[in-house]
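The values are calculated or read from the model by the stated rules, or taken from the named source; none is laboratory data. Values in this document were obtained by computation on a predicted structure and should not be read as measured data. No Cβ is skipped: glycine too gets one built from the backbone with ideal geometry, and neighbour counts run over all protein chains shown.
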Amino acid sequence: MTTRPLARRALAASCVTLLLGACASTGPARLPASQEAFWDALSSHCGNAYAGALASSDERDADFVGRDMVAHWAECSDSRVAVAFHIEDDEAPGGWDRSRTWVVTRTSDGLRLKHDHRHADGYEDAVTQYGGDTLSTGTARVQDFPVDAESVVMFVEEGLDQSLTNVWRVEVDDEGEPGARFAYQLTRRNDPTRLFRVEFDLTRDIAAPPPAWGW
């Protein structure tokens, strides 16, 4: 008389074990060691904000010269890190351009960088959600993101032919590492003279800014 209830309990326990195993398997896929180390370094700054500035000297970026900049790790999860990029701008609401957010996500094949561009009213810009995926495992500190096909289509539609060979780079050190830096860089495969680079001092965090537009 007791075998059936025991069997049912055993079956129930087995089902729970299977369900827990299924839930555990839905987490982010394991990345190559260098990308896992990069992800850990990037995630170590969650919630922090840091001051930075333009580090390149391309004349095409003259409008950025001398402006204060802030990188704010505004949102983090097991699969996504969103870093808001704030630029001092006297003509923007409140004196700051808060239109840009860099979003790094884990994929089944590596890492992906997308650019979330919005207006002060929160609506997306016509040129937004562009970026690319890693094509190599990179290093624990540096990952490159060549432009993806979806972004190329959008750039063509928007008349941005100069951006068809973009390669974005993100560099990051662990929180607490001596001389830690964070850098965002843009180059172009068809234009060796193009270089846009901003750097941030990760050794000292600052007060978090207001949210990026639309966030």
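Residues of segment 202-215 that are surrounded by fewer than 16 Cβ atoms within 10 Å (Cβ to Cβ) and under 18 Å from the mean Cα position of the chain (by Cα): Ala208, Pro211, Trp215.
Which is farther than 20 Å from Asp78 by Cα and among the polar types (S, T, N, Q), of Gln162, Gln143?
Working: Gln143 fails: farther than 20 Å from Asp78 by Cα.
Step by step, each of Gln162, Gln143 is checked, and only Gln162 is farther than 20 Å from Asp78 by Cα and among the polar types (S, T, N, Q).
When we screen Val103, Val156, Val152 for residues that are among the β-branched types (Val, Ile, Thr), in contact with a strand residue (DSSP E or B) (Cβ under 8 Å, 6 or more places away or on another chain) and either more than 24 Å from Gly214 (Cα to Cα) or crowded, with 16+ Cβ neighbours inside 10 Å (or both), the only hit is Val103. Restricting Asp61, Asp97, Asp116, Asp89 to residues that are acidic (Asp, Glu), under 26 Å from Ala149 (Cβ atoms), at pLDDT 95 or above and buried (at least 16 other Cβ atoms within 10 Å of the Cβ) narrows the list to Asp116. Segment 114-215 holds strands (runs of 3 or more DSSP E) entirely within its bounds, and those carrying 3 or more residues that are within 19 Å of Ala82 (Cβ to Cβ) and not small (Gly, Ala, Ser) map to 166-172, 181-188. May I ask you to verify whether Val104 is outside any helix (DSSP H, G or I) and either in contact (Cβ under 8 Å) with a residue 40 or more places away in the chain or of a type in the set (D, E, K, R) (or both)? Yes.
Exactly one residue out of Arg194, Arg181 is surrounded by 15 or more Cβ atoms within 10 Å (Cβ to Cβ), farther than 22 Å from Leu111 by Cβ and touching a Leu at 6+ places or on another chain (Cβ under 8 Å): that is Arg194. Of all residues in segment 66-101, those being small (Gly, Ala, Ser), assigned to a loop (DSSP other than H, G, I, E, B) and farther than 19 Å from Arg197 by Cβ number 3. What number of residues within segment 128-146 satisfy the criterion of being over 22 Å from Asp173 (Cβ atoms), more than 13 Å from the chain's Cα centre (by Cα) and among the polar types (S, T, N, Q)? Of the residues in segment 128-146, 1 are over 22 Å from Asp173 (Cβ atoms), more than 13 Å from the chain's Cα centre (by Cα) and among the polar types (S, T, N, Q).
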